[in-house]
Amino acid sequence: MEYVGFWENSMPNQRAISRTAAPLRQQVVQFIREDILQENLKPGQRLVESALCQAYDVSRTVVREALRQLESEHLITVVPNSGPVVTVLTEQDIQAIYVVRANLEGLAARLFAENATDAECKKLLKIASRLDQEYRHGTIQSREIIKAEFYDVLISGANNNVLRETLALIHARIAIFRRYAFIDESRTEESISELEAIIDFAANKRDGDAAEKACRHHIDLAAIYAKKEYVSRNKDVIDP
């Protein structure tokens with residue numbers, strides 16, 4: 001696996017860090033995370049602390065704290081003798097993540113069907129009514145927002161805090177793959193049909209078994225697309 005140097009010739013302009021809003025560390029975490037998701041920082045790129053300090057106009061302590069948090073999210077890996085780099089995944093890594101994701105989200109759909117209140121069901125059904133405008137005919141940003149709302153309602157209705165906490169970690173790891181799906185129009189239509197099925201079984205029919213199967217089917221298809229897209233974009237740094 002080849003690790004490449006920090007992006008010296010494509011360094012982003014110095015960021016405007018607010019000193020009064022969120023803590024500095026959280027702002028830097030968000031900036032670096034977004035650069036990774038937008039592929040301004042690519043898998044295998046080294047993250048040099050001094051360059052990050054200059055880019056975000058913050059201290060080395062703040063940068064180190066931000067990198068530690070991103071390492072806990074598995075977006076960054078600390079490599080011996082190289083330091084922190086943007087994490088490089090293999091096809092096997094992606095498959096392993098999605099196997100766990102399919103099982104956890106399938107469980108969330110089942111528990112929603114079994115435990116959600118009438119008000120939570122109405123919220124999920126309302127999301128289904130917005131898919132045409134905000135997902136099919138929406139922007140990347142509107143697709144991200146409504147998909148995040150879908151998961152928030154689904155997981156809240158499942159009423160299991162351990163599941164919520166575990167899925168939050170999984171969703172942090174697969175954020176880049178979800179963005180691929182929002183960009184590709186051919187995947188958009190498939191996703192809408194799959195989401196409509198999950199919502200119908202979970203919130204309308206209240207069929208836990210069918211909701212779980214529909215959710216697992218959605219994630220199984222997403223895994224195929226995620227592997228294909230990630231590997232094609234990063235084949236130069238992934239081990240053969």
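The values are calculated or read from the model by the stated rules, or taken from the named source; none is laboratory data. Just so it is clear, the structure is predicted and the values come from calculations on it, not from any experiment. All Cβ positions, glycine included, derive from the backbone under ideal geometry; neighbour counts span all protein chains shown. Just the protein is used for accessible areas: all its heavy atoms, side chains included, with ligands, DNA and RNA removed. Shrake-Rupley method; radii C 1.70, N 1.55, O 1.52, S 1.80 Å.
What the table below lists for this structure:
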item: Those residues of segment 1-48 which are in a helix (DSSP H, G or I) and either at pLDDT below 55 or open to solvent by less than 40 Å² (accessible area, probe 1.4 Å) (or both), in sequence order; result: Glu8, Asn9, Ser10, Gln27, Val28, Val29, Ile32, Asp35, Ile36, Leu37
item: Top-ranked residue of segment 163-176 - restricted to ones that are touching a residue at least 40 places away in the same chain (Cβ under 8 Å) and open to solvent by 40 Å² or more (accessible area, probe 1.4 Å), ranked as nearest to Leu89 (Cα to Cα); result: Arg173
item: Matching helices (runs of 4 or more DSSP H) fully within segment 59-152 where at least 1 residues are out of contact with any Ser or Thr (no Cβ under 9 Å at 6 or more places or on another chain), closer than 19 Å to Asn204 by Cα and hydrophobic (A, V, I, L, M, F, W, C); result: 91-115, 118-131
item: Filtered residues of segment 154-197 (kept if touching a Leu at 6+ places or on another chain (Cβ under 8 Å) and of a type in the set (A, V, I, L, M)); result: Leu154, Ile155, Ala158, Leu163, Leu167, Ile170, Ala172, Ala175, Ile176, Ile192, Leu195
item: Search result, residues across segment 54-103 that are in contact (Cβ under 8 Å) with a residue 40 or more places away in the chain and farther than 29 Å from Tyr225 by Cβ; result: Gln54, Ala55, Tyr56, Asp57, Val58, Glu65, Ala66, Ser82
item: Residue check for Ile94: within 20 Å of Phe177 (Cβ to Cβ) and in contact with a strand residue (DSSP E or B) (Cβ under 7 Å, 6 or more places away or on another chain); result: no
item: Top-ranked residue of segment 211-240 - restricted to ones that are among the acidic types (Asp, Glu) and more than 13 Å from Leu111 (Cα to Cα), ranked as most open to solvent (accessible area, probe 1.4 Å); result: Asp236
item: Extreme residue, surrounded by the fewest Cβ atoms within 10 Å (Cβ to Cβ), among residues of segment 109-159 that are of a type in the set (A, V, I, L, M) and without any contact (Cβ under 8 Å) to a residue 12 or more places away in the chain; result: Ala119
item: Those residues of segment 43-76 which are in contact with a helix residue (DSSP H, G or I) (Cβ under 7 Å, 6 or more places away or on another chain) and within 16 Å of Ile176 (Cα to Cα), in sequence order; result: Pro43, Leu70, Glu73, His74, Leu75, Ile76
item: Ala96 modelled with pLDDT of 90 or more, within 21 Å of the chain's Cα centre (by Cα), closer than 28 Å to Ile155 by Cα and open to solvent by less than 40 Å² (accessible area, probe 1.4 Å); result: no
item: Qualifying residues in segment 177-210 (those that are touching a residue at least 60 places away in the same chain (Cβ under 8 Å) and closer than 12 Å to Tyr225 by Cα) - the one surrounded by the fewest Cβ atoms within 10 Å (Cβ to Cβ); result: Arg179
